[in-house]
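The values are calculated or read from the model by the stated rules, or taken from the named source; none is laboratory data. Everything quoted here is computed from the prediction, not taken from an experiment. Cβ: placed from backbone, ideal geometry, glycine included. Neighbour counts: every protein chain shown. The protein model used for the area step is the full one, side chains on, heavy atoms only, and it has no ligands, DNA or RNA in it. Shrake-Rupley method; radii C 1.70, N 1.55, O 1.52, S 1.80 Å.
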Amino acid sequence: MTSAPQALDGARVVLGVGGGIAAYKAAHIVRGLVASGASVRVIPTASALRFVGAPTWEALSHERVLTDVFEDVDEVAHVRIGQEADLVVIAPATADLLARLRMGRADDMLTATALMARCPVVVAPAMHTEMWQHPATVENVAVLRERGLVVLEPDSGRLTGPDSGPGRLPEPEAILAAALAALTAPTGGSGEPARDLAGVRVLVTAGGTREQIDPVRYIANHSSGRQGFALAAAALARGAEVELIAANVDLHTPPGVHRTDVGSAAELADAVAARRESADVLIMAAAVADFTPAARADSKIKKTGDADVPVLELVRTQDILRTAVAARADAGDGDGGARPRVIVGFAAETGDVGTTSLDHARAKARSKGADLLVFNDVSGTGERAVFGAASTVVSMLDRDGEVLAEAAGDKTVVSHTVLTQVARLLGRVGSEA
Ligand code: CTP
């Protein structure tokens, strides 16, 4: 892993735990927050303590657990903890807790803290499907979202009883990623993440394609999909509707993001072609193979003799980014209505004799014609290693190869800088939709 500072270093995070069976999963969230450098104050509701006891939370967070507003009254904890928080995460949030948050109740330490907080608040609901879909809950969630709270969509799947459906708590890693995206987003009027991408449809490709040689072998690359997934989580935190096309990615889907999985460059090209005209923004973060075997062998290629080496004939794949730029130009009517309105490419470059990696990136920016090209230097190892790492260093270039902005750090932090450029291109910077 990287030695770069972690995104949550020094952040004061409140983890509120509601009284549901999924409370045990919140223990993993505490661990993840602490491991990312945050100091964590766990505030369970009284009913949450019937599922997981205070010693568990205290041992994991190294902090005293408060539940009742009448504890530590001399320190005015019900006011102070919320005031000082950089981030509040509530997981699991029961239907009852959502109702109390919506009403602005302050009848226990958690709701009082949430009412005091002027920082991003991320809520991960978990309950039975009937409760989640009840008009009362639907309305409570809508009101909380309008107020700027980030209410995640629950996962679908097996619930506590024999039933299944939407209502499962998303995986702790996905909640952590959403929390990080909310914490590092530019802030709106009163401390919550800016909603500068509200209603914007963002299509993100992520991961690396695999080109099958025979049933057991393929040509692949090092892309982990982390950058694309971080972009998806960051766009969601800023109010976008996000669709993710994932090529061979082993990461949890950000809750609320619609995901489609693909394998090869051709499948990725088809998936993008089917969706790009309904997208406002296309972000091509996937590493797409430039070449694919001319024919795929139906059975495993065998050695036929000691010196025998098969020759693999390759053909070019479609340049998906260039195709999207060209299709938009063809559809262009001059008033900026053609879609996607903003197209973003990525370029991982190395320098070589006489040409720096930035020179290569500038040339690529001019030739690809994307509105924004996010360039990172993948020469060398260590700090500059990008693939699979949590952090990265990028420059953003316009179509003429001019550097517009630079960013370094966690991929979520970098994602927000990219999205700020996207918001600017959409004419949304400074506006709260
Ligand atoms: N890309 C694409 N389709 C391809 C190859 C790349 O859409 N067949 C996109 C990538 O998703 C990325 C950008 O183009 O956003 C740049 O990718 P890169 O591999 O650096 O570009 P190439 O055109 O393949 O350039 P190079 O000759 O350096 O490999």
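Each residue in region 270-292 was checked for being open to solvent by 20 Å² or more (accessible area, probe 1.4 Å) and either part of a strand (DSSP E or B) or β-branched (Val, Ile, Thr) (or both), and 4 of them qualify.
Can Gly148 be described as open to solvent by less than 40 Å² (accessible area, probe 1.4 Å), in the same structural domain as Pro92 (by TED's automatic domain parsing), modelled with pLDDT under 95 and over 25 Å from Val418 (Cα atoms)? Reasoning before the result, please.
Numbers: open to solvent by less than 40 Å² (accessible area, probe 1.4 Å): yes; in the same structural domain as Pro92 (by TED's automatic domain parsing): yes; modelled with pLDDT under 95: yes; over 25 Å from Val418 (Cα atoms): no.
So Gly148 fails the test.
Of the set (1) modelled with pLDDT of 95 or more; (2) under 22 Å from Ala181 (Cβ atoms), all apply to Ala136 but (2). From the list Val429, Val393, the lone residue that is part of a strand (DSSP E or B) and surrounded by fewer than 20 Cβ atoms within 10 Å (Cβ to Cβ) is Val393.
Can you pull out every residue in region 340-358 that is modelled with pLDDT of 95 or more, open to solvent by 40 Å² or more (accessible area, probe 1.4 Å) and more than 12 Å from the ligand (Cβ to nearest atom)? Hit for region 340-358 is Arg341, nothing else.
Yes/no per residue for (1) assigned by TED's automatic domain parsing to the domain that holds Leu180; (2) of a type in the set (A, V, I, L, M, F, W, C); (3) modelled with pLDDT under 95:
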residue	(1), (2), (3)
Pro44	yes, no, no
Pro55	yes, no, no
Leu66	yes, yes, yes
Val69	yes, yes, yes
Val89	yes, yes, no
Met116	yes, yes, no
Trp132	yes, yes, no
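Just to verify a result, which residue in region 228-265, among those that are part of a loop (DSSP other than H, G, I, E, B) and within 25 Å of Thr317 (Cβ to Cβ), is most open to solvent (accessible area, probe 1.4 Å)? Walk me through it before giving the result.
The first filter runs over region 228-265 and keeps only residues part of a loop (DSSP other than H, G, I, E, B), leaving 238-240, 248-257, 263-264.
Subsequent filtering for residues that are within 25 Å of Thr317 (Cβ to Cβ) retains 248-251, 263-264.
Numbers: Asn248: 55, Val249: 17, Asp250: 147, Leu251: 61, Gly263: 18, Ser264: 24 Å².
Result: Asp250.
Residue-wise test of (1) within 11 Å of the ligand (Cβ to nearest atom); (2) of a type in the set (Gly, Ala, Ser).
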site	(1), (2)
Ala295	no, yes
Pro310	no, no
Arg316	yes, no
Asp319	yes, no
Thr323	yes, no
Ala327	no, yes
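Would you call Arg259 within 16 Å of the ligand (Cβ to nearest atom) and of a type in the set (Lys, Arg)? Taking the combined requirement at face value, the residue does not satisfy it.
Do we find that Val141 is farther than 23 Å from Ala35 by Cβ and either within 23 Å of the chain's Cα centre (by Cα) or assigned by TED's automatic domain parsing to the domain that holds Gln83 (or both) in this structure?
Details: farther than 23 Å from Ala35 by Cβ: yes; either within 23 Å of the chain's Cα centre (by Cα) or assigned by TED's automatic domain parsing to the domain that holds Gln83 (or both): yes.
In short, yes.
Pairing each residue of region 311-324 that is in a loop (DSSP other than H, G, I, E, B) and crowded, with 16+ Cβ neighbours inside 10 Å with any residue that is polar (S, T, N, Q) and modelled with pLDDT of 95 or more, provided the two are 6+ apart or on different chains, yields C-beta distances under 9 Å for Thr317/Thr209; Thr317/Ser264; Thr317/Thr292.
Taking the condition assigned by TED's automatic domain parsing to the domain that holds Ala232, within 16 Å of the ligand (Cβ to nearest atom), over 25 Å from the mean Cα position of the chain (by Cα) and among the hydrophobic types (A, V, I, L, M, F, W, C), does Ala289 pass?
Numbers: assigned by TED's automatic domain parsing to the domain that holds Ala232: yes; within 16 Å of the ligand (Cβ to nearest atom): yes; over 25 Å from the mean Cα position of the chain (by Cα): no; among the hydrophobic types (A, V, I, L, M, F, W, C): yes.
Against the criterion (assigned by TED's automatic domain parsing to the domain that holds Ala232, within 16 Å of the ligand (Cβ to nearest atom), over 25 Å from the mean Cα position of the chain (by Cα) and among the hydrophobic types (A, V, I, L, M, F, W, C)), Ala289 does not qualify.
Scan region 195-214 residue by residue and report those that are part of a loop (DSSP other than H, G, I, E, B) and either without any contact (Cβ under 8 Å) to a residue 60 or more places away in the chain or open to solvent by 10 Å² or more (accessible area, probe 1.4 Å) (or both). Residues satisfying the conditions are Arg195, Asp196, Ala198, Gly199, Arg210. Residues that are in a strand (DSSP E or B) and within 9 Å of the ligand (Cβ to nearest atom) were ranked within region 359-374; the one that is farthest from the chain's Cα centre (by Cα) is Leu373. Can you say whether Ala240 is more than 13 Å from the ligand (Cβ to nearest atom), out of contact with any His (no Cβ under 8 Å at 6 or more places or on another chain), at pLDDT 95 or above and aliphatic (A, V, I, L, M), as far as the supplied structure shows? Taking the combined requirement at face value, the residue satisfies it.
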